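Take a look at the structure set out below.
What follows is calculated from the coordinates using simple rules that are stated; it is not laboratory data. Note that the structure is predicted; figures quoted are calculated from it, not measured. Neighbour counts are summed over all protein chains in view; Cβ atoms, including those assigned to glycine, are modelled from backbone coordinates with ideal geometry.
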Amino acid sequence: MKSPLLSLPGAVPAEGADEGVAAHYGDLFREQRALADGTGFVDLSHRGVVAVTGGDRLSWLHLLLTQHVSDLPVGQATEALILSPHGHVEHALYLVDDGATTWAHVEPGTQDALIAYLESMKFFYRVEVTDRTGEFAVVHLPAGSIAEVPEGVVVRETSYGRDLFLPRADLEAFARDEDATGHGPAAGLLAYEALRVEQHRPRLGFETDHRTIPHELGWIGSAVHLQKGCYRGQETVARVQNLGKPPRRLVFLHLDGSEVHLPPHGAELRLADEGPEGRKIGFVTTSVRHHELGPIALGLVKRNVPVDAHLMADTTAAAQEVVVEP
C-alpha cells in the first residue's frame, strides 16, 4: 500500500520489500541522529497488521507460536516465530494484546500466508483471525520519545521504541501535526534500518533464508521460549539447544569505509586471507550507512569461522563482531 506520507517534502520512495513508504526525506544522517536522540517517527505503514480476537486467542496462539503467550499481560510487547515442521523460520510476529484483541505486525506481504496458516489451525477454538492492514498503519516512535499517543491507539512498547497501531485514516494528520503530538519530523526506512543493524536485530527475509533456524540469529529468548509446551518445529529447537551446534551464526560487520558502494543483500562473505577465490563462508544480509559507525552490516557465516577472522564482503574488507556465539 502506498503511504500518503510519500507526499511529504523531500520524500524519496523505498524499493524492494519496503516499497510503499519513504526510504528517506532528504537527509539520511540527520534522520538517524534524530531517531537516536529520541525524536522523529518512522512510517511503517507498509507492514502487515493481523488481529486475533476471541476468548481462546492467547491459549490458541500459545500452541502455534515459539513464544509463551498463554498468560501474556495486557499491554506487554513480545515477539514470536512460526516454524516449519523441520524448525525453519517461516513467520516473525511482533505482538501485543489489549485485553480483547491480540495485535501483530509482520513483514510486508506476508500477512496472507500467515492468515492462511492460522485459519487452517483454528479447529474448535473460539478465535477469529482478521487482516487489518487496510485499516491500521504501523508507526514507530524511537526509544526516549516524549510524543503523545492519540487516545485509543494500541501501543507496542519495547526497549528500542514504541510501535503504534494507528488508524490508517489518521496517518497523514498524525504526521503533519508535529506541534500537537510532539513527535518531530518523519525519518525514513534507511534511518530505521541503520539503527536496527546497530542493535543486531534480525529481520525476516533479510537475515533469514529458507533454512534459517532461530538459534542462528539470536532469537532464543526474545522470540523463542525454551520452557513452553509443544509447537511445530520444537524438536529442532530442542535438539540444537541441547547439542549447542547451530550450523550458522549471525555476525556484525564493520565495512571498509573507503568503498563507494555497500555490498548488497546476498553478497558472498569469504576469509580475507584466502583471497577473492577463497571458499564462501557466508553472506551479507543487510548493509547500511550509520551516522556514527560508518558502513556496517549484518551477515550470516558458518559456525566454525574463527571469531577473529577478517572477512571480505565481495571486494569490501569487513571486520566481524560476535552476535551469536559459535
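Bridging of LYS122 to lysines at a Cα separation below 26 Å is possible for LYS228, once same-chain residues fewer than 8 apart are set aside. Using a basic spin-label model with each label point 7 Å from the Cα along Cα→Cβ, how many nm lie between GLU292 and PHE29? The two pseudo-label positions are separated by 1.4 nm. Only helices enter the 222 nm calculation for the chain: every DSSP H run of n ≥ 4 contributes -39,500 (n - 2.57), and dividing by all residues gives -4500 deg cm²/dmol, rounded to 500. The shape of segment 247-326 can be summarised by an equivalent ellipsoid whose semi-axes, obtained from the alpha carbon gyration tensor, come to 18, 14, 11 Å from longest to shortest.
FRET efficiency for the LYS280 to ALA317 pair, using the beta carbon distance and R₀ = 25 Å, is estimated at 0.95.
Taking each residue as 0.36 nm, the span from LYS302 to GLU15 lengthens on full extension beyond its C-alpha to C-alpha distance by 100.4 nm. Got a sec? Which residues in segment 139-156 would a label at ALA100 touch, if it sits 7 Å along Cα→Cβ and we count backbone N under 17 Å? Hits in segment 139-156 for ALA100 at 17 Å: 151-155. Please work out, to two decimal places, the log10 of the ratio I(q)/I(0) at q = 0.08, 0.12, 0.13 Å⁻¹ from a Debye calculation in which every Cα of the chain carries one identical scatterer. Debye output, listed in q order: -0.38, -0.87, -1.01.
So between SER120 and SER7, what do we pick up on full extension, going 0.36 nm a residue minus the alpha carbon distance?
Taking 0.36 nm per residue and subtracting the Cα distance, the gain is 36.7 nm.
Considering only ALA319, ALA267, HIS291, the residue lying farthest towards the positive end of the dipole of segment 247-326 is ALA267, judged by Cα position with unit charges set on Cβ.
Of the chymotrypsin sites (Phe, Trp or Tyr not before Pro) found in segment 92-129, those that fall in a DSSP loop while having at most 15 other beta-carbon atoms within 10 Å are PHE123, PHE124, TYR125.
Using 1/(1 + (r/R0)^6) with R0 = 25 angstrom and r between the beta carbons of ALA272 and GLU325, what's the FRET efficiency to the nearest 0.05?
0.70
Descending by average beta-carbon neighbour count within 10 Å, the peptides 250-261, 144-155 line up as 250-261, 144-155, the highest first.
Straight-line reach from LYS245: taking Cα to Cα under 17 Å and skipping same-chain neighbours fewer than 8 places apart, the lysines in range are LYS302. Under the simplified labelling scheme, the GLN199-VAL260 pair shows an inter-label distance of 3.4 nm, with each label point 7 Å from Cα along Cα→Cβ.
The distance separating the Cα centre of segment 292-326 from that of segment 219-266 comes to 14 Å.
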